[in-house]
Amino acid sequence: MELSRLSGAELLAGPLLEVAPALLGAVVTSTVGGETVSVRLTEVEGYAGPNDPGSHGFRGRTARNAALFGPPGTVYVYFTYGMHFCANIVCGEDGEASAVLLRAGEVVAGAETARLRSLRRKPSAGLETGLETGQEMGSGEDPGPARPLKALRDRDLASGPARLARSLGLTLAHNGTRLETAAGQAAQPAAGPRRGEGRDAEEPVLLLSGWGTVAPRQVMRGPRVGVSGPGGSESYPWRFWIEGEPTVSRYRPAVRRTRSRQPRPAPPPPAAGSAGGPLPSG
């Protein structure tokens, strides 16, 4: 059966390495604070929970990564480097902790809203990442000191997981929310999520549509970006992207952080006659 004909529930309940490439070309639409933005996915990464040394779920479930262990269709958002949010869609069986990181995309609706969000100040550095494994799960290299903000080109608005999440307005407030799905739609801007009866008008809504639309010959794969240790090796070629898409982020290996091994200079000898020093002769 063609993946594009599957319902959202059927698709997301499938194996990670089938779900991840099937999401390429799909459109994620968010309505946050009354503003709607749609992003067509051009790059994703798969993470396989306790069986994957690059996953936040590698060492098991904690209070901070609990959403990762939720049912398929759960949104898992984490905070990294004291300034960025990254968004994942949980897939596979309930409790399996498999998820697809939304790495890059093209803003196809709501570009002005996405641009305004890109110019806002970074989130509070006081928030914690809550990462128990030491992995950054595809966040890329340390961005270093903050630089003055400038307007991004359209192609760069959602290029990279942090920019993508920011374009959609996603924060830790959306961690654990459920993704709505609409099967059979073309890969084009969605009209916006519909709100069910009794839903709070201020509650953010996410909609996924138009999956399974990219031909297999257009799908590239390779090692994941910014994952240290074995999880970032060629043994885990679980990064998928659409060939030739200008919004796809550049590949960067993990940055190894090492402490200086230079010995500390010896302290100067104590002055003559001071406590612990030699007594003067004579």
>> Take GLU93 and GLN218, extend 7 Å from each Cα along the Cα→Cβ direction, and tell me the distance between the two endpoints in nm.
In response: 3.4 nm
> So how far apart, in nm, are the two label points at ARG250 and SER235 if each is 7 Å from Cα heading toward Cβ?
Replying inline: 2.9 nm
> By counting other Cβ atoms within 10 Å of each Cβ, how are TYR76, TYR47, TYR236 ranked from fewest to most?
Replying inline: TYR236, TYR76, TYR47
> Going by how many other Cβ atoms sit within 10 Å of their own, how do ARG250, ARG224, ARG61, ARG117 line up, fewest first?
Replying inline: ARG250, ARG61, ARG117, ARG224
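With a ≥ b ≥ c the root eigenvalues of the C-alpha gyration tensor of the stretch 1-91, is it rounded (a/c under 1.5), prolate (a/b larger than b/c) or oblate? Write down the numbers at each step before the final one.
Values: a/c = 1.82, a/b = 1.12, b/c = 1.62.
Note, shape of the stretch 1-91 comes out oblate.
Only sites in a loop by DSSP and with at most 15 other Cβ atoms within 10 Å count here; which GluC sites (Glu not before Pro) in the stretch 20-116 make the cut?
Listed in order of number, the matching sites are GLU93.
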> For LEU41, LEU3, what's the fewest-to-most ordering of other Cβ within 10 Å of each Cβ?
Replying inline: LEU3, LEU41
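Every number here is computed from the coordinates shown, using simple stated rules; none is lab data. Just so you know, these numbers come straight off a predicted model, no measurement behind them. Cβ coordinates were reconstructed from backbone atoms using ideal geometry, including for glycine residues, and neighbour counts include every protein chain displayed.
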